[in-house]
Structure formats: C-alpha cells, structure tokens
1. Could you list, in sequence order, the residues of the range 1-35 that are surrounded by 21 or more Cβ atoms within 10 Å (Cβ to Cβ) and not aliphatic (A, V, I, L, M)?
2. Among the candidates Glu29, Glu81, which residue alone is touching a strand residue (DSSP E or B) at 6+ places or on another chain (Cβ under 9 Å) and among the charged types (D, E, K, R)?
3. Restricting to the range 1-30, name every residue that is in a loop (DSSP other than H, G, I, E, B) and either modelled with pLDDT of 95 or more or of a type outside the set (S, T, N, Q) (or both).
4. Is it fair to say Ala38 is surrounded by 15 or more Cβ atoms within 10 Å (Cβ to Cβ), among the aliphatic types (A, V, I, L, M) and touching a residue at least 24 places away in the same chain (Cβ under 8 Å)?
5. Restricting to the range 75-92, name every residue that is part of a helix (DSSP H, G or I), of a type outside the set (D, E, K, R) and surrounded by 12 or more Cβ atoms within 10 Å (Cβ to Cβ).
6. So which pairs qualify, if the first residue must be in the range 81-92 and without any contact (Cβ under 8 Å) to a residue 60 or more places away in the chain and closer than 15 Å to Cys54 by Cβ, the second must be among the aromatic types (Phe, Trp, Tyr) and assigned to a helix (DSSP H, G or I), the Cβ gap must be under 9 Å, and the two must be at least 6 apart or on different chains?
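The values are calculated or read from the model by the stated rules, or taken from the named source; none is laboratory data. Everything quoted here is computed from the prediction, not taken from an experiment. Virtual Cβ from ideal backbone geometry, glycine too; neighbours counted across all protein chains shown.
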Amino acid sequence: MKILVCCISGMGSSQMIKMKINNVLKRLEITASVDHKALGEAKSVAKDYDAIFCSLALVDNFKALKNTPIMGLRNLLSEVEIETALKENGLV
C-alpha cells in the first residue's frame, strides 16, 4: 500500500503525520510506504497512491479522486484517529 500525506508546505505537519501513520502501521503489522509532500506536488501525484491523509481543511483539494480514500484529520497527531480512518476506509 502507498500512502500520501500532505500539508501546505510539505514540511512540518505532514512529516509529523507520517511518523504517526508509521507508528500505527507498525503496531498493526501492515507494510506500506508513506510519503509526505506539499499540497501542490501532492495534487499532481495523488492518483499514484492508495490513500491520502491531510488536515480536514485540505480534503476538498482532492475531490476529483473518485477511488482513492481521502482521510482528513481533525487532530493531526492522533494515532487513534489515524487507525480509525484506515479501518473505516477498508485499508486495515
């Protein structure tokens, strides 16, 4: 599975979300690659990923993707919210 994490600049919050996603995946014993990118680049490569994580404020930027789960997070650092999103979207 390939997961994309994005934020406005592709630096701070997306890197932190990536670390939290990796923690969840490790705990659940799921193998996946997780990349983080700035919003502009993420929009251009999103179709190449199985799932996308971002803040709730950025979800609408990916509405053109019909078959890719877009998971908007309220609390960017909540491993519980990340795990719930993965389960609700059938990725776990």
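1. Cys6, Cys7, Ser14, Lys20, listed by residue number.
2. On inspection, the qualifying residue turns out to be Glu81.
3. Met1, Ile8, Gly10, Met11, Leu28, Glu29, Ile30
4. no
5. Ile82, Thr84, Ala85, Leu86
6. none
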